[in-house]
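Below is one structure, written out as structure tokens; comments come after it.
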Amino acid sequence: MKILVVDDSRSQTMLLGGILRGAGYEDIAEAHDAVSALRTLEEGVGKNGDSDVDLILMDIVMPEMDGIEATKRLKADDRFRDVPVIMVTVRDEVASLERALEAGANDYISKPVNRLELCARVRSVLRLKEEIDRRKARERELEALTERLEQLSNQDGLTSVSNRRRFEEVYEKEWLRARRDNMPLALLMIDIDFFKAFNDTYGHLRGDCCLKAVAEAICTVLKRPGDFVARFGGEEFVVILPATDEPGAVTIAEEIRENVRSLDIEHASSTAADHVTVSIGAASVIPRVDQGGKALLLASDGALYQAKTNGRNRVEK
Ligand code: GH3
Ligand code: MG
Ligand code: MG
Ligand code: MG
């Protein structure tokens, strides 16, 4: 563990350093004023935002900035708040001792320093620091796990685009936003043509690969930050296009249809083409006050049905 000894007296840092080394602490840094102590701490901040220093022995009386002010600054800084500070004080400075503890110091030791007492206090404070580090590591693990879990609960396992559950959340939000801003909101319903036949001809594994490829082909067309795609069900995808009118939605739908076609995935049992194609229903509306989002969903679904009955591999609105 790394210990930083701060004292304006070089003989004092040498004495403290010597005692600590004698007790087996090898990583000891020294600073002879508060400002360079703060600089040493800054330089030792790691990638995770934590300081590499585990304990500070801080003299109180120093020129320029005293140990109490330095401690106050450390305890107000997220990066250094958890680094324990042991104040080193002259024996009869009771008033400054009180201020030191007030400033956030964890313990104190009187000068002239008693070797056994110093080592005992250092050991006890370092045990505390180890516990803090363990707790932080656990918290970080938990945070990462929670984040991963949240991501998984929003994602379709096969294609990695958002799932239906996430779609419902995003759609609700976008609908309310469009209604509030009096802006158009567009939906595309995308369905792979003759996909049952594709599975029957090429098998489910190639069916799964095809679904992934189609999902990617949809994603590459969507460029604006608010655009959103989800797997709506089996071989059906839904796209939300905020601030997009009907002609705009049809344009994007055509780009998606073309992008899927250019994947050139063989589909011998399709009667629409000799490769995999999609049918797309596009709809856009400026939500009226008190109108719910269901109408737009029905409209895009109706348009998709039209695209299917009109021969597939096409966009209808
Ligand atoms: P249409 O052109 O009218 O859309 O015909 P279709 O065959 O695509 O439509 P239908 O709804 O009859 O069939 C959908 C097929 O999609 C049936 C199902 O086996 C397949 N499917 C759904 N989910 C998956 C999946 O996760 N993987 C694979 N391989 N196939 C899937
Ligand atoms: Mg001093
Ligand atoms: Mg289909
Ligand atoms: Mg379908």
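Using only the alpha-carbon atoms, how far is helix 94-103 inclined from the longest principal axis of the chain? Give it as 0 to 90 degrees, nearest 10.
10
Under unit Cβ charges (Lys, Arg +1; Asp, Glu -1), what dipole magnitude, rounded to 20 debye, does the stretch 161-234 have relative to its Cα centre?
Using only the charged Cβ atoms, the result is roughly 240 debye.
So which trypsin sites (Lys or Arg not before Pro) in the stretch 167-236 end up in coil per DSSP with only 15 or fewer other C-beta atoms within 10 Å? Each step should come with its number before you reach the end.
Numbers: sites: K173, R177, R179, R180, K196, R206, K212, K223, R231; in loops: K223.
Those that pass, being in a loop and sparsely packed, are K223.
Report the calculated FRET efficiency for R164 and R134 (r = Cβ-Cβ distance, R0 = 35 Å), to the nearest 0.05.
The calculated FRET efficiency here is 0.30.
What are the ³J(HN,Hα) values, in whole Hz, obtained from phi via the Karplus relation 6.51 cos²θ - 1.76 cosθ + 1.60 with θ = phi - 60°, for each residue of the stretch 172-178 in sequence order, with x given for Gly and Pro?
4, 5, 5, 4, 5, 5, 4
Whole-Hz ³J(HN,Hα) for each residue in the stretch 57-72, computed from phi via Karplus 6.51 cos²θ - 1.76 cosθ + 1.60 with θ = phi - 60°, x for glycine and proline: what do you get?
So the Karplus estimates, Gly and Pro as x, are 9, 10, 5, 8, 8, 9, x, 6, 9, 8, x, 6, 4, 4, 5, 4 Hz.
Rounded to the nearest 20 debye, what is the charge dipole size of the stretch 232-317 about its Cα centre when +1 sits on each Lys and Arg Cβ and -1 on each Asp and Glu Cβ?
260
Near P247, within a Cβ-to-Cβ distance under 12 Å, what is the net charge of the other residues, with Lys and Arg +1 and Asp and Glu -1?
-2
To the nearest 10 degrees, how steeply does helix 294-309 sit against the main Cα axis of the chain, on a 0 to 90 scale?
Relative to the chain, helix 294-309 is tipped by roughly 50 degrees.
Going by the alpha-carbon gyration tensor, a ≥ b ≥ c the square roots of its eigenvalues, is the stretch 138-214 rounded (a/c under 1.5) or, if a/c is not under 1.5, prolate (a/b greater than b/c) versus oblate?
oblate
Given the -39500 (n - 2.57) contribution per DSSP H run of 4+ residues, what per-residue ellipticity at 222 nm results for the chain, rounded to the nearest 500 deg cm²/dmol?
On the way: 10 runs with 158 residues, N = 317.
Result for the chain, helices only: -16500 deg cm²/dmol.
Using only the C-alpha atoms of the chain, find the volume of their convex hull and express it per residue in Å³. Please report the intermediate quantities before stating the final value.
Working: hull volume 61.0 nm³, N = 317.
Residue-normalised Cα hull volume stands at 192 Å³.
Report the one residue of I132, L142, Y202 whose Cα lies farthest in the direction of the positive end of the charge dipole of the stretch 101-228 (charges on C-beta: Lys and Arg +1, Asp and Glu -1; origin at the Cα centre).
Toward the positive end, the furthest listed residue is I132.
Among A268, P84, L176, whose Cα projects farthest towards the positive end of the dipole of the chain, with charges put on the beta-carbon of Lys, Arg (+1) and Asp, Glu (-1)?
Of the listed residues, the answer is A268.
I want to check the label-to-label distance for N310 and K173. Put each point 7 Å from Cα in the C-beta direction and report it in nm to one decimal.
So the two model labels end up 3.3 nm from each other.
In whole Å, what is the distance between the alpha-carbon centres of the stretch 37-65 and the stretch 251-271?
61
For a test of understanding, tell me how many lysine pairs in the chain have Cα atoms under 16 Å apart, given they are 8 or more places apart or on different chains.
So the count of such lysine pairs works out to 7.
Report, in whole Å, the centroid distance computed from the Cα atoms of the stretch 103-129 and the stretch 167-244.
62
Amide H neighbours of S110 under 5 Å, at least 5 residues apart or on other chains, H built in the peptide plane: list them.
Under 5 Å from the amide H of S110 lie the amide H atoms of T89, each far enough along the sequence or on another chain.
Which percentage, to the nearest 5, of the DSSP beta bridges contained in the chain is antiparallel?
Beta bridges within the chain, antiparallel portion: roughly 50 percent.
Residue separation times 0.36 nm, minus the C-alpha to C-alpha distance between R288 and L101: what's the value?
Once the chain is fully extended between R288 and L101, it gains 61.1 nm.
Quote the charge dipole size of the chain about the Cα centre in Debye, to the nearest 20; the model charges only the Cβ of Lys and Arg (+1) and of Asp and Glu (-1).
The dipole magnitude comes to about 560 debye.
If you take all C-alpha pairs in the stretch 145-283, what percent of them are over 26 Å apart?
Counting every Cα pair in the stretch 145-283, those more than 26 Å apart make up 26 percent.
Can you give me the relative contact order of the stretch 43-196 as a percent, contacts being Cα pairs under 8 Å and 6 or more apart?
Reported as a whole number, the value is 15 percent.
Dipole of the chain (Lys/Arg Cβ +1, Asp/Glu Cβ -1, origin at the Cα centre): which of S162, L101, L55 lies farthest to the positive side?
It is S162.
For A268 and A197 in one chain, what is 0.36 nm times their gap in residues minus the Cα-Cα distance, to one decimal in nm?
Net length gain for the segment: 24.6 nm.
Note the angle between two axes, namely the Cα long axis of helix 10-22 and the longest principal axis of the Cα atoms of the chain, as a number of degrees from 0 to 90, rounded to the nearest 10.
Roughly 70 degrees between the two axes.
Every number here is computed from the coordinates shown, using simple stated rules; none is lab data. Remember, it's a predicted structure, so these values are computed and weren't measured experimentally. Virtual Cβ from ideal backbone geometry, glycine too; neighbours counted across all protein chains shown.
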